[in-house]
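Worksheet: the structure to be examined is printed underneath.
Taken together, the values in this text are just the output of simple stated rules run on the coordinates, not laboratory data. What you see is a predicted model; the values in this text were computed from it and never measured.
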Amino acid sequence: MAARDARAAHQTQQELVEAWLTGLAHSGLPVAMTDGARPRRRVTFGAPLPVGMTAGGELIDVILAERLPVWRVREALEAHAPAGWRVLRLHDVWVGGPPLPGRIVAADHRIDIAAVPDPARLVAAAAELLGKERIDRERIKGDSRVAYDLRPLLLDVRVVVGDGVTALLTRTRVDPALGSGRPDEVLAALAECAGMGLEATSTIRERLLLAEDL
């Protein structure tokens, strides 16, 4: 598990992948290689991380060609992690298990919001939103707008108020058929429900969740 701070928030997904591959190439770790004409180090990322978003709990699978003590792997990763990234925790995983992306079922985000004149109204709107059977929204896809129902993708939304800061804590599904619920979509739906304008000052993906986490 790793975290990304503001220094690396500009990275596209491709740049993120290349940065980690470069770091691993210099780490000295015996990273296993893929088969084929152009072999690459076997590294898999849980879910694409949007440009501009920081992260507090990204999941990354790194397959090693030999078993090493966790402390040794940690030292190598910490010394060669890309700028703006921090290694949090390491776990052994079964290499015969399903690929990591297919195991991701949800994501937690924290959205800090610019000054809200009536936080209590926002709290009530969050409860109302969760009580809806449908949340009709539109997404831009290519040159067209596509209507969809956000409700099946929204697992939870809570409003946190304290020290002059208002934040949303959202949990959205990652579904192979329905797609992923995005935090900006939840914010827009909540603003509509509350009848007020809401502006995100920062968004962090705090955690990716596996089925067993739920």
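Please express the Cα-Cα pair-distance distribution P(r) of the chain as a list of whole percents, one per 5 Å bin, running from 0 to the bin with the greatest distance.
1, 6, 13, 16, 17, 15, 11, 8, 6, 4, 1, 0
Using only the alpha-carbon atoms, how far is helix 183-194 inclined from the longest principal axis of the chain? Give it as 0 to 90 degrees, nearest 10.
10 degrees
Please work out the C-alpha center-to-center distance from segment 89-119 to segment 160-214 and express it in whole Å.
11 Å
Against the longest alpha carbon principal axis of the chain, how many degrees, from 0 to 90 and to the nearest 10, is the axis of helix 119-131 turned?
Helix 119-131 and the main axis of the chain meet at about 80 degrees.
Given 37 °C and 0.692 mPa s, compute D for segment 105-213 with the Stokes-Einstein relation, Rh being the Kirkwood radius over Cα pairs; round to the nearest whole µm²/s.
Details: Rh = 14.3 Å.
Stokes-Einstein gives a translational diffusion coefficient of 229 µm²/s.
On C-alpha positions alone, give me the angle between the axis of helix 70-80 and the longest principal axis of the chain, in degrees, nearest 10.
80 degrees
With the contact rule set at Cα under 8 Å and sequence spacing of 6 or more, what percent relative contact order holds for the chain?
Relative CO of the chain lands at 25 percent.
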